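Report on the structure given below.
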Amino acid sequence: MVNAHIRIILALILTISATSAIAQKTGTVKGFIYNEETGEPEIFTNVYLEGTTFGSATDVNGYYSITKIPPGDYKLTVKSLGFETISESITVEGGRIVNKKLTLKKSQINLKEFEVSAEKQEAKTNVKISVVKATPIDIGHVPTIGGEADIATYMQTLPGVVFTGDQGGQLYIRGGSPIQNKVLLDGMLIYNPFHSIGFFSVFDTDIIRNADIYTGGFGAEHGGRISSVMDITTRDGNKNRIAGKVGASPFLAKALIEGPLKKPEKPGGASSSFLFSGKASYLEQSSKALYTYIDSGGLPFNFMDLYGKISFNGENGSKFNLFGFNFTDQVKYQAVSDLNWDAFGVGSNFILVPPGSPVLVEGHVAYSDYALSLTEDTLPTRSSDISGFNLGIDFKYFPYDNEIKYGIEVQGFKTNFQFFNSLGKNITQEQNTTELSGYLNYKIVKGLFVIDPGFRVQYYASLSTFSPEPRLGIKFNANENLRFKVAGGIYSQNLISANSDRDVVNLFYGFLSGPDNLQQSLTLPDGSEKELTHKLQKANHYIAGFEYDITDKININVEGYIKDFTQVTNLNRNKIFEDNPDNFDKPDVLKKDFVVETGDAMGIDFVLKYQSKKLYLWAVYSIGKVNRWDGVMEYSPVFDRRHNVNLVGSYTFGEDREWKVDARWNMGSGLPFTQTQGYYQGVDFSQLGIGGDYTTSNADDVSIVYGDLNGGRLPFYHRLDFNLTRDFEISERSSLEASLGVTNVYNRENVFYFDRVEHERVNQLPIMPSLGLYWSF
């Protein structure tokens with residue numbers, strides 16, 4: 001295995017050397033594209049040489065690089081919808097790099113859509129499998145409460161994503177649980193991105209530049225999770241003027257302010273800016289007046305999110321950012337339980353552009369903390385705290401027509417955990433751990449093929465475990481409109497959560513470092529024993545699919561996937577004995593704090609997208625199956641939704657396009673749950689005494705007889721949401737937006753879960769109208 005890895009690395013080095021030699025005969029043009037009005041980078045914008053096939057699309061930093069250009073004179077052209085087309089004459093010399101930073105000016109006329117498509121160019125030159133790139137415009141197509149667009153509701157419409165409820169629900173991505181999803185904000189780890197009420201995330205959409213959401217098969221640059229990655233990049237503050245946005249709805253109020261600390265002396269010049277965003281929910285208070293038909297005591301959800309950023313930008317595109325956040329969430333469930341969590345973090349990242357080199361250097365360093373507590377009447381307080389740092393540096397290099405990316409990352413965190421299961425057994429952990437990783441990706445564009453091999457190594461210090469993880473993605477451009485793609489890889493993680501995949505409602509979402517006190521072997525379904533050679537959670541991904549552009553405005557994407565969870569660590573809900581020498585003869589499944597499981601998730605996602613200047617349509621159908629094996633029995637986790645449909649439509653109209661209608665309909669088949677077979681009196685024999693008569697004794701508590709684990713299915717779920725927005729222009733730079741929203745338009749009674757103790761059905765939220773007003777300046 002080691003020799004094979006060495007041969008791969010040597011082959012990559014030889015290939016790099018060969019392409020570098022060829023590059024000496026050709027030239028390169030690189031640089032950044034900026035918005036003249038705000039100074040922000042213009043992402044996913046077309047940059048090309050007129051009259052040639054040489055071109056590129058800018059990345060999330062507005063950076064482009066056009067390589068393999070024969071020496072000569074050219075016109076470098078930039079086209080972007082809503083901006084004036086710009087062209088500049090350049091001279092390319094062999095073995096030389098031309099640096100060009102350009103700024104786009106807003107168009108004064110209503111441009112028609114142009115033929116060159118950055119999105120299509122990216123689709124032809126990138127594998128782009130199981131990934132959705134979302135901008136604030138994309139997120140704004142999905143209707144939300146009060147008209148305040150949020151990535152939480154947007155993600156619920158993505159292929160392969162299952163959402164389990166409006167209150168305390170979680171997102172499950174292609175068979176992976178939330179702990180198996182990695183969330184990054186400008187390179188900083190975010191441990192809980194969603195609030196307890198399922199309409200809102202911790203992120204203000206108005207500060208997002210771009211979000212890359214990988215539902216599987218992601219490349220070697222990402223690691224430490226076995227299911228998915230959400231990588232969010234925030235924008236900088238306005239570099240030319242003070243600007244902002246304030247507004248309110250029955251759910252929340254928000255404010256954003258941004259502006260220059262030092263204005264650029266010329267377009268694209270050196271500058272510095274700030275950005276501050278805050279939003280707070282007062283739903284518990286407002287619902288007592290507006291939504292008394294739901295609960296006269298009010299809906300128990302309040303939260304507050306604060307974020308700040310300072311950016312320093314150099315003349316050549318190099319930049320340095322400082323940022324920080326504080327997110328809080330408070331829930332009071334009918335005076336039965338109080339859930340509170342607080343997250344804060346500080347960090348910085350940078351981009352370094354060496355003037356005479358095709359290398360782009362990016363780096364980040366951050367510290368974050370997440371503390372959670374759940375207080376209940378029936379159990380002692382549960383608590384969880386995870387805090388730590390992560391830092392990394394990445395290098396992006398463009399030899400010939402290809403791309404090499406490599407880097408290193410270090411992560412250290414501390415967990416402090418107190419948990420009590422339903423039997424009152426205490427599970428505790430306090431641990432420090434460190435993870436070290438390095439990776440190499442080499443994207444090769446050759447003829448009709450795009451080949452993206454990668455290799456990542458992870459070392460988990462607390463478990464003394466080394467994990468080699470090869471990754472591979474391939475795309476074949478069959479013709480101009482049809483592209484086939486495959487991807488796969490090995491993934492690992494150490495972090496686990498305090499919930500079980502068997503729980504319908506997960507309120508307490510604590511974190512633990514992967515334990516080393518696990519069973520020595522696992523009994524497989526065929527009765528054989530599998531020796532456990534490591535303590536990590538691991539999964540293998542296998543994905544295949546195709547993209548087809550029916551027209552310039554309509555395309556379909558079909559992907560089939562298998563996630564083979566070869567080892568998953570889960571909280572042991574069946575623990576009844578302490579794991580000590582006195583109980584050496586008891587089976588592990590009754591005394592270990594954690595159990596090892598295996599399983600798989602498989603399915604097919606179908607996506608149809610139509611987009612024009614006025615109309616946006618997004619149709620998704622996902623069919624999937626998820627199962628787990630715990631060494632004793634096979635069961636379906638609570639997020640095993642067989643069928644899921646999302647239909648999203650957005651239409652802009654009016655003389656100045658001042659009106660917008662957004663609608664979303666979601667339908668999903670029933671989620672698994674464990675049925676109740678009966679009840680009996682739970683006599684406490686320790687209190688009864690040796691001479692007591694259990695046949696005549698009355699118990700204070702009623703115990704439950706459960707059916708097969710998740711052997712039943714809840715009813716189908718479906719819901720229609722609607723938004724109508726009107727924009728009033730006050731001045732050239734000031735506008736007022738009024739938004740009328742209705743969630744659950746036809747008041748569908750969707751079941752959330754069944755309360756066995758009270759023997760009553762608990763539904764998700766009913767119809768909820770709202771009105772929002774937002775002033776931008």
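The values are calculated or read from the model by the stated rules, or taken from the named source; none is laboratory data. Please read all numbers here as calculations on a predicted model, not as lab measurements. Backbone-built Cβ (ideal geometry, glycine too); neighbour counts: all protein chains shown. For the accessible areas, the whole protein counts, side chains as well, though only heavy atoms, and no ligand, DNA or RNA atoms are used. Shrake-Rupley method; radii C 1.70, N 1.55, O 1.52, S 1.80 Å.
Ordering M188, M633 by accessible area with a probe of 1.4 Å, largest first, what comes out?
Sorted descending by solvent-accessible area, the residues read M633, M188.
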Worksheet item: How much of the accessible area of the chain, probe 1.4 Å, is carbon plus sulfur, in whole percent?
Response: 57
Worksheet item: What size of dipole, in debye to the nearest 20, comes out for the chain about its Cα centre when the only charges are +1 on Lys and Arg C-beta atoms and -1 on Asp and Glu C-beta atoms?
Response: 2400
Worksheet item: Taking the DSSP beta bridges in the chain as the whole, what percent of them are antiparallel, to the nearest 5?
Response: 95
Practice prompt. Give the value in nm², to one decimal: projected area of the alpha carbon convex hull of the chain, averaged over all directions.
Written response: 34.6
Item to complete: With a point put 7 Å past each Cα toward its Cβ, work out how far E729 is from V705 in nm, to one decimal.
Response: 7.2
Worksheet entry | Accessible area per residue, Å², the stretch 519-625 with all protein chains present, probe 1.4 Å | 47
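Take the alpha carbon gyration tensor of the stretch 139-294, find the square roots of its eigenvalues, order them as a ≥ b ≥ c, and report rounded if a/c is under 1.5; if not, report prolate when a/b exceeds b/c, else oblate.
Cα axes put the stretch 139-294 in the oblate bin.
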Fill in: Of Q121, L512, S286, farthest towards positive along the dipole that unit charges on Lys, Arg, Asp, Glu beta carbons give the chain
Q121
Worksheet item: Where does the charge balance sit around A371 when Lys and Arg score +1, Asp and Glu -1, over other residues with C-beta under 13 Å from its C-beta?
Response: -2
Worksheet item: When the label point is put 7 Å from the Cα of I556 along its Cα-to-beta-carbon vector, which residues of the stretch 604-635 have a backbone N closer than 11 Å?
Response: 606-609
Item to complete: Enumerate the calculated ³J(HN,Hα) couplings along the stretch 221-230 in order (Karplus 6.51 cos²θ - 1.76 cosθ + 1.60, θ = phi - 60°), each rounded to whole Hz, writing x wherever the residue is Gly or Pro.
Response: 5, 10, x, x, 9, 10, 10, 8, 9, 10
Worksheet item: Over the Cα atoms of the stretch 271-404, what is the Rg over Rh ratio if Rh follows Kirkwood?
Response: 1.19
Response to the item:
Env charge @ N192, Cβ radius under 14 Å, K,R +1 / D,E -1, value -4
Worksheet entry | Label-to-label distance, nm, for residues given as N580 and T434 (7 Å Cα→Cβ offset) | 3.4
Fill in: Per-peptide average of other Cβ atoms within 10 Å, ordering 450-460, 95-105, 287-297 highest first
450-460, 95-105, 287-297
Worksheet, complete the sentence: By the mean-Cβ-within-10 Å protection proxy, highest first, 233-245, 550-562 rank as 233-245, 550-562
Worksheet, complete the sentence: Protection proxy (average C-beta count within 10 Å per residue), highest first, orders 636-644, 35-43 as 636-644, 35-43
Worksheet, complete the sentence: Under the 7 Å Cα-to-Cβ spin-label approximation, D564 and Y746 lie apart by a distance in nanometres of 4.3
Discussion item. Please list, in order along the stretch 48-60, the HN-Hα scalar couplings obtained from phi with the Karplus expression 6.51 cos²θ - 1.76 cosθ + 1.60 (θ = phi - 60°), rounded to whole Hz, x for Gly and Pro.
Written reply: 8, 9, 4, x, 10, 9, 7, x, 7, 10, 5, 8, 5
Worksheet entry | Stretchable slack from Q677 to D342, in nm (0.36 nm times residue separation minus alpha-carbon distance) | 116.7 nm
Response to the item:
In debye to the nearest 20, the charge dipole size for the stretch 201-257, taken about the Cα centre with +1 at each Lys and Arg Cβ and -1 at each Asp and Glu Cβ, equals 280
Practice prompt. Grab the beta carbon distance between I451 and F777, set R0 = 30 Å, and tell me the FRET efficiency rounded to 0.05.
Written response: 0.05
Worksheet entry | Three-way shape call for the stretch 75-224 based on the alpha-carbon gyration tensor, with the a/c threshold at 1.5 | prolate
Worksheet item: What percent does the relative contact order of the stretch 132-291 come to when contacts are Cα pairs within less than 8 Å and at least six residues apart?
Response: 19
Discussion item. How would the stretch 222-294 be classified by its alpha-carbon gyration tensor: rounded, prolate or oblate, with rounded meaning a/c under 1.5 and the a/b versus b/c comparison settling the rest?
Written reply: oblate
Worksheet, complete the sentence: Rounded to 0.05, the calculated FRET efficiency for the beta carbons of K263 and Y610 at R₀ = 41 Å is 0.50
Worksheet item: Which of the GluC sites (Glu not before Pro) found in the stretch 58-98 are in a DSSP loop and have at most 15 neighbouring Cβ atoms, other than their own, within 10 Å?
Response: E84, E93
Worksheet item: Tell me, what is the FRET efficiency for I393 and K105 to the nearest 0.05, using R0 = 25 angstrom and their Cβ-Cβ distance as r?
Response: 0.10
Response to the item:
Per the helix-only model, the chain has a calculated mean residue ellipticity at 222 nm (DSSP H runs of ≥4, -39500 (n - 2.57) each, divided over all residues, rounded to the nearest 500) of -2000 deg cm²/dmol
Discussion item. Just to confirm a number: summing +1 for Lys and Arg and -1 for Asp and Glu over residues other than S87 whose beta-carbon lies under 12 angstrom from that of S87, what do you get?
Written reply: 0
Worksheet item: How do F466, F565 stack up against each other in accessible area, from largest to smallest, with a 1.4 angstrom probe?
Response: F466, F565
